[in-house]
Amino acid sequence: MLAALAVVLTAVAPRAMARQEVFRRSPRAALLGWQAVSLAAVVSAVSAAPLAVHALALGGAGWAAWAAVPALAFSGLVLGRLLWSGHLVGTRLRAARREHRVLVDALGEAVDDEVRVLAHPTPTAYCLPGLRRRVVLTEGTLRALPGEELDAVLAHERAHLRARHDLVLEFFTVLHQSAPSRLQAPEALREVRLLVEVLADRAARRRTGPVPLARALVALAGASHPETALAATADVSATRTRMALLAEDDAPGWLAPVVYAFAAGVLAAPLALLGLALGSMGA
Amino acid sequence: MPTKTINKLGELERAVMDQVWALGESGEPSVSVRQVHEGLLRGRDLAYTTVMTVMGRLADAGLLVKERGSGRAYLYAAAGTREELTASSMLGQLQGLPSADRRAAMLHFLGDATAEEIADLKAALAEVEKRHGRSNGGRS
Ligand SMILES: [Zn+2]
């Protein structure tokens, strides 16, 4: 049963959740919901096999003891795969960021402790998360954006850095990559990425109101310099969605509590099954 | 260690590159760590090994090219002017790298939208401005 739960939580729930667009208007709660589903899937996947064997043993199947070894091995495999994937993703990301930070520090102009401006005409804005975090802009960005719009963009990037959205994304990337490929739900990862953007957009909106941020989104979406033929970098449909959400009000007040309750329930399900199984072992 | 706190903001990376470029302009395209260190020493307390570490990192990032000198020490040369390196790093970052590496930088404001997509975005902007126009004065 835990195994079935693991499959449902890994493959089915994400697809269903990604379709609930109303969650996007309550991004913080929605992200928590996603995290609960993922954690529950992990718990289910790791504990399913040993518990199944245990149940067989309780049922009096003499051969169950022999199944314990492969069952534990399976759990070990699931756990090992997760840890290994986490290690690979983490190491790679950190190395890439470290190298890129050296680059912007060496080539860019320091505006303050965090912000670096590169002498380049292509308007762009991004952040490098981590201990020595940076917000990177170009001269093209400064030219393209009047003060208030620049404020909105900076507020957006700083929200990513402060809230460590990179860690949230890293967590989901690791889970995604360690799930068996037939169960992977790419729409889940896409939705989580969008939610993180919406969260940062909310922070910017609180600072400047929605209009400057919306203008900045348009200005930066269309302003790529002809000199640099950029290959499919921006996800325009995601930008379009963010624009639409900027115009919308927050989700109705009841939504967040509902999502929190859902998150708690999803997490409780595998734990309850686990508790039941362990309880029967004690009996 | 004052040098550690000094370089928390990465100023040393920039100072080293400036020094290498300046030495290049005065006719020395390939320089040793010692030369850069001496150039940077003026008025500050800076360890030779710190400069060596930073130059190693700059070489790893592709900004300096490491060459074997006549003696045992390595020589370093700038891989290009500031403009060239900025342009190539933007290009490299924007199109050369796999998407996972672009995500490493959390790049979200860069666009290569088609005219149609921009028209669509502008329509969405008009909607935002219409709904929130009162609360926000606009850019004029
Ligand atoms: Zn963002």
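Some observations on this one:
- Förster-model FRET efficiency, 56 Å R0, B:ALA79 and A:ALA268, C-beta, rounded to 0.05: 0.50
- Comparing mean-square fluctuations of A:GLY265, A:GLY130, A:GLY253 from a GNM of chain A with C-alpha springs under 10 Å, the top value falls on A:GLY253.
- Theoretical ellipticity at 222 nm over chain A - DSSP helices of four or more residues, -39500 (n - 2.57) apiece, nearest 500: -24000 deg cm²/dmol
- The slack in the chain from A:ARG15 to A:ALA3, taken as 0.36 nm per residue of separation less the alpha-carbon distance, amounts to 2.5 nm.
- Dipole moment magnitude, nearest 20 debye, the range B:6-78 about Cα centre, only Lys, Arg, Asp, Glu C-beta charged: 220
- The residue among A:PRO123, A:ALA30, B:ALA115 whose Cα reaches farthest toward the positive pole of the charge dipole of the protein assembly as shown, with charges on the beta-carbon of Lys, Arg, Asp and Glu, is A:ALA30.
- A Förster distance of 30 Å, applied to the separation of the beta-carbon atoms of B:TYR48 and A:ASP113, puts the FRET efficiency at 0.70.
- Across the alpha-carbon set of the range A:92-185, the Rg to Rh ratio works out to 1.07, Rh being the Kirkwood radius.
- Distance-filtered residues of the range A:128-144 - backbone nitrogen under 15 Å, label point 7 angstrom along B:ASP60 Cα→Cβ: A:131-132
- Taking all Cα pairs closer than 8 Å and separated by 6 or more residues, the relative contact order of the range B:6-78 comes to 34 percent.
- Note, ³J(HN,Hα) from phi for the range B:120-127, Karplus 6.51, -1.76, 1.60, rounded to Hz, x at Gly and Pro: 4, 5, 5, 5, 5, 4, 4, 5
- Cβ-derived FRET efficiency at R0 30 Å, B:GLU116 paired with A:ASP250, nearest 0.05: 0.45
- Rounded to the nearest angstrom and listed largest first, the equivalent-ellipsoid semi-axes of the range B:6-78 from its Cα gyration tensor are 18, 13, 12.
- Positive-end residue of A:ALA18, B:ASN7, A:GLY80, charge dipole of the protein assembly as shown with Cβ unit charges: A:GLY80
- Listing of the range A:235-251 residues, each with accessible area lower by at least 30 Å² in the full protein assembly than in the chain alone (probe 1.4 Å): A:VAL236, A:ARG240, A:MET243, A:ALA247
- Residue-by-residue Karplus 3J(HN,Hα) for the range A:237-253, coefficients 6.51, -1.76, 1.60, Hz, glycine and proline x: 5, 5, 4, 4, 4, 5, 4, 4, 5, 5, 6, 8, 7, 5, 4, x, x
- Between B and A, buried accessible area from a 1.4 angstrom probe totals roughly 5500 Å², ignoring ligands, DNA and RNA.
- Per-selection Rg to Rh, the protein assembly as shown - Cα, Kirkwood hydrodynamic radius: 1.07
- Averaged per residue, chain A has 45 square angstrom of accessible surface, using a 1.4 angstrom probe with ligands and nucleic acids left out.
- Of all accessible heavy-atom area on the range B:6-78, the percent that carbon and sulfur account for (1.4 Å): 50
- Using θ = phi - 60° in the Karplus curve 6.51 cos²θ - 1.76 cosθ + 1.60, the 3J(HN,Hα) couplings for the range A:30-39 round to 4, 4, 4, x, 4, 5, 4, 4, 5, 4 Hz; x is entered for Gly and Pro.
- Unit charges on C-beta of K, R, D, E only; dipole of the protein assembly as shown, Debye: 980
- Simple label model, 7 Å out from Cα along Cβ direction - B:ARG34 to B:GLU67, nm: 1.8
- Candidates A:ARG97, A:ARG207, A:ARG132: whichever shows maximal mean-square fluctuation once chain A is modelled as a Gaussian network with Cα springs under 10 Å: A:ARG132
- Residue among A:HIS176, A:LEU161, A:ALA144 farthest towards the positive dipole end of the range A:144-186, charges placed on Cβ: A:HIS176
The values are calculated or read from the model by the stated rules, or taken from the named source; none is laboratory data. Note that the structure is predicted; figures quoted are calculated from it, not measured. Cβ coordinates were reconstructed from backbone atoms using ideal geometry, including for glycine residues, and neighbour counts include every protein chain displayed. To get the accessible areas, we keep the full protein, side chains included, count just its heavy atoms, and leave off ligands, DNA and RNA. Shrake-Rupley method; radii C 1.70, N 1.55, O 1.52, S 1.80 Å.
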